[in-house]
Amino acid sequence: MSSSRTVSEHFVCSPDIVWKVLTDVSSYQDWFGWPESLQLLEVTPGFSLGGKLNFRNSASSLVITKIEEGQRIAFTGAYQTDEISVRGAENGCKVSLSTTYQDVADIKEEEYPVEVTNRNILKNLRKTCYAYKNEEDKNKEHHHLNLGGMLFRVTRGYTRPNKSNVVEDPYTEKTLYISTRNKILGVILTAVLVGVISVGLSFERGDIVPSTGLSIAESDLVSFENAAQISVGQRKREVEYLLSCAGKKESVDEFSYSSTEKDEKGNPVSEIRVVYDAYGRVRRYGYIDHSKADSYGVPIRNFRTLVSPSMSVTEIKEELELEPSAFWIDKSGTKYFYFGHYLFEDKIFDVNKTAELVLRLNEEQIQTQVGYYLAESPDDPLRVSELPPATKRQYSNIVQYDTDRAAYRRVYLLPGKTKEEADILLGMAEEVIELQLVEEETQYTYLCSKSDEGYRYSYSIVVRDGIAVSASMRNLHLVQVKDTLASNKDSYSIRGGNTLFNVSKELQIIPTYAAILEDESVILGYGLESAADQDSDLPYEYPLIIYFDSNHRVTDVIQNS
């Protein structure tokens, strides 16, 4: 059983232009997907029947199940098929996007906003086609001087014809010769050409490139203050005047600008990244301060009440009295700010990146999001760009994995915090249950991420004298799905003394249960949850339970049948 929905748009360009864009791998990041476009990495073996489309930051791929040259192309994934058709029309062409869902009898727009999504995709496709058309028109109108042919004629002379009596061939060639005039012109043009090349090679752009022997992408003016003056839509040349240096090309449209100041490792202290469109205008830009990105200890406060999506970069810094470790601003006006420890890893334009404190300000939706996270480490084996085989037993896509991973790691932030700070750290909770344990101790249980199936996470803290002395977290989705541990549990090489990172690397899955006790020791439970025995020291039982000391090293491993 299936159900489909189709939307159409009129494009003021030829069907050939649309088809060129549809079969151009580099164009997909400008139009394919909504609200965030997907970057197409490759099509294997190509745009033909059975071709496989692989996207960045996506565990799944699409397969071309229908293609008619210049007319239609269809992509099929796990749950749906998207077909784009092109046909000629007056003053351009008509482009239709049809989405068919498998095993869905009737598409409900509130559950599957197909029409809104597809209409936005077509609008972005139309913009991309117009940019493609304008670029082709400019190339056609720009006639290059054939300097090679001109020099050939000037230096070689021409063929002087010789009259013949033969009717079929009234002229025959005579010897080529070079006239004195052409010799002089050739010498003059050669001298001018050599002079222009010499001047061009020796000329230093003093208005942009520093004359201090620095790299072309380095400048003393690459700073937070100047990064805050950049804006979406600004010209590339204006940005480089502002920073007094030309950019280092990182990709087709991404450039980086670095500070001349270096840290002890020889890396630039600050860096600006800018992505330009086809017309050399800023599409998105960001800033990283590597010295602040290595620092820890962001204060836990209710920042949501202090900021609004319409505030500028400078206003946010002044209001919070904190300078961000990194920030970037999208073409839609959405602002992403990272405070405290921030793991750069050569990428900044990634909505899933985290720091100790992350602000997401959406100006279009007038929405403010605040999140606190455990500081990232480059050694953490749970940090992956694609799902390993073990993790695929828990998750079908990397987005939900990243969300659950952040939720699991948040429990480590709770011990030692006040009740007010815990409320801020777990600000996404929909319900809080209070339970008096003894006279001095109170347990608070936070239920988070409510859906039709119930809550996805629960956090519990035990508070004594206003301070959380212990904390635990349960992933309420993983407690009821199939056992995610490998069948042969004896194959796990978990021994006493193994670190928490070693265990994560060995298992490659997220624990169902995590508890940090008052002595800072840690207990992790993996797999399907069941009722605990009366003699158990845990409120729940799991196929695999691992105990760690306060230094996060394994002290005991219990495997239940």
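Within the range 275-298, the set of residues being part of a loop (DSSP other than H, G, I, E, B) and in contact with a strand residue (DSSP E or B) (Cβ under 9 Å, 6 or more places away or on another chain) comprises Asp277, Tyr279, Gly280, Asp294, Ser295, Tyr296, Gly297, Val298. For the range 457-500, the set of residues classified as under 16 Å from Arg405 (Cβ atoms), free of Cβ contacts under 8 Å to residues at least 24 places away in the same chain and either more than 31 Å from the chain's Cα centre (by Cα) or surrounded by 19 or more Cβ atoms within 10 Å (Cβ to Cβ) (or both) is empty. Screening Val469 against (1) out of contact with any Leu (no Cβ under 9 Å at 6 or more places or on another chain); (2) over 25 Å from Leu528 (Cα atoms) leaves a single unmet condition, (1). Could you please let me know if Thr368 is touching a strand residue (DSSP E or B) at 6+ places or on another chain (Cβ under 9 Å), in a helix (DSSP H, G or I) and among the polar types (S, T, N, Q)? No. Consider Val313 carefully, then state whether it is farther than 16 Å from Gln229 by Cα, at pLDDT below 95 and either among the β-branched types (Val, Ile, Thr) or buried (at least 19 other Cβ atoms within 10 Å of the Cβ) (or both). For Val313, the condition - farther than 16 Å from Gln229 by Cα, at pLDDT below 95 and either among the β-branched types (Val, Ile, Thr) or buried (at least 19 other Cβ atoms within 10 Å of the Cβ) (or both) - is not met.
Look at the range 393-420: where a residue is closer than 19 Å to Tyr444 by Cα and at pLDDT 90 or above and a partner is surrounded by fewer than 16 Cβ atoms within 10 Å (Cβ to Cβ) and among the small types (Gly, Ala, Ser), sitting 6+ places away or on another chain with Cβ atoms under 7 Å, you get Thr418/Gly466; Lys419/Gly466. Residues Val554, Val503, Val522: which one is over 35 Å from the mean Cα position of the chain (by Cα) and within 23 Å of Ala471 (Cβ to Cβ)? The match here is Val554. Considering only residues in the range 410-428 that are closer than 17 Å to Tyr373 by Cα and touching a Ser or Thr at 6+ places or on another chain (Cβ under 9 Å), the one that is surrounded by the most Cβ atoms within 10 Å (Cβ to Cβ) turns out to be Val411.
Contact annotation: residue pairs with Cβ atoms under 6 Å, 6 or more positions apart or on different chains, pairing a residue in the range 333-349 that is over 23 Å from Ser231 (Cα atoms) with a partner that is part of a strand (DSSP E or B), are Gly340/Ala355; Gly340/Glu356; Gly340/Leu357; His341/Glu356; Tyr342/Ala326; Tyr342/Ala355.
For (1) within 17 Å of Phe32 (Cα to Cα); (2) buried (at least 18 other Cβ atoms within 10 Å of the Cβ), each residue gets a yes or a no:
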{"residue": "Leu49", "(1), (2)": "no, no"}
{"residue": "Leu53", "(1), (2)": "yes, yes"}
{"residue": "Ser58", "(1), (2)": "yes, yes"}
{"residue": "Leu62", "(1), (2)": "yes, yes"}
{"residue": "Thr65", "(1), (2)": "no, no"}
{"residue": "Glu68", "(1), (2)": "no, no"}
{"residue": "Thr76", "(1), (2)": "yes, no"}
{"residue": "Ile84", "(1), (2)": "yes, yes"}
{"residue": "Ser96", "(1), (2)": "yes, no"}
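If you go through the range 430-479 and pick out every residue that is over 23 Å from Ser550 (Cβ atoms) and part of a strand (DSSP E or B), you end up with 22.
Which ones in the range 332-353 are within 12 Å of the chain's Cα centre (by Cα) and among the β-branched types (Val, Ile, Thr)? Selection gives Ile348, Val351.
The values are calculated or read from the model by the stated rules, or taken from the named source; none is laboratory data. In this text the structure is predicted, and so the values were computed from the model without any measurement. As a convention, Cβ positions derive from the backbone with ideal geometry for all residues, glycine included, and neighbour counts pool all protein chains shown.
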